[in-house]
Each structure stands twice: as C-alpha cells, then as structure tokens.
1. Using the Kirkwood radius over C-alpha pairs as Rh, can you work out the diffusion coefficient of region 93-184 via Stokes-Einstein at 20 °C, viscosity 1.002 mPa s, in µm² per second?
2. Got a sec? What order do Tyr186, Tyr108 fall in by accessible area at 1.4 Å, biggest, i.e. largest, first?
3. At 0.36 nm per residue, minus the direct Cα-Cα distance, what do Ala4 and Glu123 gain on full extension? Give it in nm, one decimal, please.
4. Here are a few candidate values for mean projected area of the Cα convex hull in nm²: (1) 11.7; (2) 26.6; (3) 15.5. Which one was actually calculated from the structure I just gave you?
5. Leaving out ligands, DNA and RNA, and with a 1.4 Å probe, what % of the accessible surface on the chain is carbon or sulfur?
6. Excluding Glu123 itself, what net charge comes from residues whose Cβ is under 13 Å from its Cβ, given Lys and Arg +1 and Asp and Glu -1?
7. Using a 10 Å cut-off on Cβ atoms, rank the peptides 143-154, 78-89 from the highest mean neighbour count down.
8. Between the helical axis of 115-124 and the dominant principal axis of the chain, each derived from Cα atoms, what acute angle in degrees is found, rounded to the nearest 10?
Amino acid sequence: MTAALPRQAASPEEPHRPPETPRHKARRRALTLLIIGLLIGVPAGYLVISAAQSRDSGKDKESKYSATGLTAGWPSKVQRRLYQVPVPHPADRIAYYETNNWKTSRLYVQFRTNSAGLDSFLEGMGLNRDALRKNDISISSRDQKISGWKFTGPGPWSGLTHHQKNPAPTQDVVVNTADPNFPMIYVVSRTVP
C-alpha cells in the first residue's frame, strides 16, 4: 500500500476563491467551446474557400486552353510582346487564338481601329502604309481555315508579310479598308520555339 501524502496548506498570502457557481461554470464552458470551434472552424473554412477558388481557376484555364477558335478579348501582354503584335488604342472587335506545337507557335489576332491606330500598329512593327500591297491576301488558306477568317467581303483588301530573323516572329497582316476611317486588321504572327 502506498502512503497518502499530506495536502499542502494554502498560502496565507493567496486570497481565498469562492466556490464556482453553476452560472460561472456554464459561461466558462461556453467560452471554451467557442474558442475550440473557432480554432477548428476558421482553418476549415479557409481550406474550403481556397479549394473552391483553386477549382474555379483550373476551370478558367481549361476553357482558355481548350478553345478551338478565336476568343473575344485582348491577348495577354506577354502574348503581344512575344509575338510582337502591338494592338493599338483605341481598338474594338478584338479576338485572338494561340496555337502551339513542337515546330511552330502562332498567334491569330483581329481588331478594328481608326486610321491613326493602323499607322500606330504598323509603326509598332517598324513599318508604314507603303509596305501594304493592294489585293494581297498574305494570310495562308491554312491559317484562314484555322481562324475562320474569310477575306471575301467588300474591300479594298491589302496585306503584307513582315519577315524577321529568328527568334523574332514573322507576321502576316491583312487589312480591310472598306471603311477607311475604321480599318479591320487581321494578323497571324508565327515563331519557331
């Protein structure tokens, strides 16, 4: 048998605490449950929200990269810089499509701008309007089929091919000036990775 140890007497300097009332006990337990609930609930809620955002982000990327034709909107700044397609301001009716494979990467871009915007676009490529050749559809039938472009409407149509030394991209440009104040521009920029 073990001997019982004597209890230590309370310190005379310590104030005597009254016994805990049922009300105080219930309040203490409720506060403890609240703290435990917050310690578990806040991280769990954060994980649920984070997982939902991550799933949505994946769906957005999946739809972007599974596109099989022109997508309305601006190509990213990285795409415009990489493919050297200086879309001017103002511009509307903007759409783009990018294809990549082991051999060649292409960016298809269309937009409508004003007369000054056309000049700005050509200057951004290091060219001017003199480089455009009347009735020259420089975008190949293969690229027309991929992009869905048909250059059969009212014109006049003019085009150019801007060859550059690798790794800089080569651009094929077609311009429709049926409305000379608001020309429609079609660009295929291709680069070899």
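1. Working: Rh = 14.0 Å.
Answer, rounded: 153 µm²/s.
2. On the way: Tyr186 30, Tyr108 0 Å².
Sorted by accessible area, descending: Tyr186, Tyr108.
3. Numbers: separation 119, 0.36 × 119 = 42.84 nm, distance 9.81 nm.
Extra length available between Ala4 and Glu123 comes to 33.0 nm.
4. Only one listed value fits the structure, namely (2).
5. Values: 7840 of 13640 Å².
Answer for the chain is 57 percent, counting heavy atoms of protein chains only.
6. Details: positive: Arg129; negative: Asp119, Asp130.
Residues near Glu123 contribute -1 overall.
7. Values: 143-154: 13.2, 78-89: 16.5.
Most protected by this proxy first, the peptides run 78-89, 143-154.
8. Around 80 degrees separate the two axes.
The values are calculated or read from the model by the stated rules, or taken from the named source; none is laboratory data. Here the structure is a predicted model, which means the values were calculated and not measured. Note: ideal-geometry Cβ built from the backbone for every residue, glycine included; neighbour counts use all protein chains shown. Ligands, DNA and RNA are excluded from the accessible area calculation, which covers all protein heavy atoms including side chains. Shrake-Rupley method; radii C 1.70, N 1.55, O 1.52, S 1.80 Å.
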